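To start, the structure under review is shown below, and the notes come after it.
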Amino acid sequence: MAPSLNDDSPPSTIDEAFTENNLQPFVVLQKGSSRKSDRKSSGTGRTRRIDLSSTSPKNSANIEDEKEDENMNLRMEAFEFVWSKIESTIKDVLRDINMNVFSEIQTWVHQSFDTIRSLGTPEFPEATQSFPIITDANSKRLFTGLVLTKNMEFVDDLLTFEELGKHLKYQGCHVANLSSLDFTAKNGVGGCLRSLLRQFLMSSLDPADISILASWYREENCNNPVVVIIDDIERCCGSVLSDFILMLSEWVIKIPVILIMGLATTLDAPRNILPSNALRCLCPFEFTLGTPAERMDAVVEAVLVKPCSGFIIGHKVAVFMRNYFVSQDGTLTSFIRALKIACTQHFYTEPLSVILLEFASEEDNLVLEIERYGLSPEVIWKHVFELPSCQRVRLNKPTSESLAHAFSELKRLQNQWRAVVL
């Protein structure tokens, strides 16, 4: 008897079970999975080749990025080397311009010190106390150097008086540099005195007392003058400056202080700032520095005309910077800042600017200094020839030699141009 369609008895064979339950898709999935695993086990090499080919553009991109980073690092090192030469040249030029005046001030300081000492030297107990009070008017006068800078802005004076302080220290003077920020109504004369103690004693004391300065001078070295430099008195609070002068005049025999005051506009400025009692305490001597235009011309000649670093600005840029200096700003500091911006932009935008490193080294034969930076001339030229602009042209040995010859010819023409200008 044939089995019923509703019979729930299990099939007699496996084949009948597959047929009856229609499980072919399941079987196909099993076989498909098996083939996939077989491909993985037998075709691993082919898969690796596909992966390598797919990552190849990424690797080449990484190489290009590394070359670009290397190029930027070389340009940054070249910029630091070139700008350090420019900066040191500017400092040397400004120091040389002012050296004659600095020497005059130095001579005057020592002569003033000898005059103060000729009035007598008090013993230690008397020298460190405010009593007895000095009544002789001549003994209370402060030798004061009035240095006319003729600058429109005091920012150019900061370096000048800093260099003056270094020069006087080298000659054995005790020097303190004060700014207009020390002479404010908020801080009063105590702020000035604290600044003096901080610079001479290398410590800050509160409350500040000038007798501490007198004790320090007697204990440290009473055979050298004490010089106090105020870079711009026209920006100081007049009442605080007046109190400061009156205080020093009471101690001038015990502490041989010599004042140096910077004036930006006119030698008559103290009369417009100080009251008559403070003016009577001053024994002024006048000194005049070179004009801003003279300093500007000297810097341009040393940095842009004479051999310095190989970096040269274009004619339009030079005219713009010169006109801005003359007609608007008038500060050498702004001119130097603009020159640094132009130099920075050149090294940032021009891949071949790295050549300036060798240019600067050949000017002064600084081969050892270049090697200290880790950049030999061979490395520089090798890097130049690897730039895309050079790679587009098939460089051979004659081409390389002609490029080096052209570079030398450029230097020769620049030297001839400098000779004509000077």
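The values are calculated or read from the model by the stated rules, or taken from the named source; none is laboratory data. This one's a predicted model, so the numbers in the text were calculated from it and none came from an experiment. Cβ: placed from backbone, ideal geometry, glycine included. Neighbour counts: every protein chain shown.
Side notes on the structure shown:
A quick yes/no check of all residues on (1) surrounded by fewer than 15 Cβ atoms within 10 Å (Cβ to Cβ); (2) of a type in the set (A, V, I, L, M, F, W, C); (3) in contact (Cβ under 8 Å) with a residue 24 or more places away in the chain; (4) in contact with a Leu (Cβ under 9 Å, 6 or more places away or on another chain):
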{"residue": "Ile260", "(1), (2), (3), (4)": "no, yes, yes, yes"}
{"residue": "Ala264", "(1), (2), (3), (4)": "no, yes, yes, yes"}
{"residue": "Asn272", "(1), (2), (3), (4)": "yes, no, no, no"}
{"residue": "Cys281", "(1), (2), (3), (4)": "no, yes, yes, yes"}
{"residue": "Thr291", "(1), (2), (3), (4)": "yes, no, yes, no"}
{"residue": "Val300", "(1), (2), (3), (4)": "no, yes, no, no"}
{"residue": "Leu304", "(1), (2), (3), (4)": "no, yes, no, yes"}
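- Summed over region 174-198, the residues that are surrounded by fewer than 16 Cβ atoms within 10 Å (Cβ to Cβ) and without any contact (Cβ under 8 Å) to a residue 24 or more places away in the chain give a count of 4.
- Lone qualifier among Asp206, Asp232, Asp156 - being modelled with pLDDT under 90 and in contact with a strand residue (DSSP E or B) (Cβ under 6 Å, 6 or more places away or on another chain): Asp232
- The lone exception for Ser334 - which of (1) of a type in the set (Ser, Thr, Tyr); (2) surrounded by 16 or more Cβ atoms within 10 Å (Cβ to Cβ); (3) part of a helix (DSSP H, G or I); (4) modelled with pLDDT under 80 it fails: (4)
- Restricting Phe113, Phe102, Phe81 to those that are closer than 18 Å to Gln345 by Cβ, among the aromatic types (Phe, Trp, Tyr) and surrounded by 15 or more Cβ atoms within 10 Å (Cβ to Cβ) reduces the list to Phe81.
- Lone unmet requirement of (1) under 27 Å from Leu267 (Cα atoms); (2) surrounded by fewer than 14 Cβ atoms within 10 Å (Cβ to Cβ) for Asn223: (1)
- Scanning region 295-333 for residues that are under 25 Å from Phe161 (Cα atoms) and touching a helix residue (DSSP H, G or I) at 6+ places or on another chain (Cβ under 7 Å) yields Arg295, Met296, Ala298, Val299, Ala302, Val303, Phe325, Gly330, Thr331, Leu332, Thr333.
- Residue tally, condition under 23 Å from Leu148 (Cα atoms) and either among the charged types (D, E, K, R) or over 37 Å from the mean Cα position of the chain (by Cα) (or both), over region 215-242: 4
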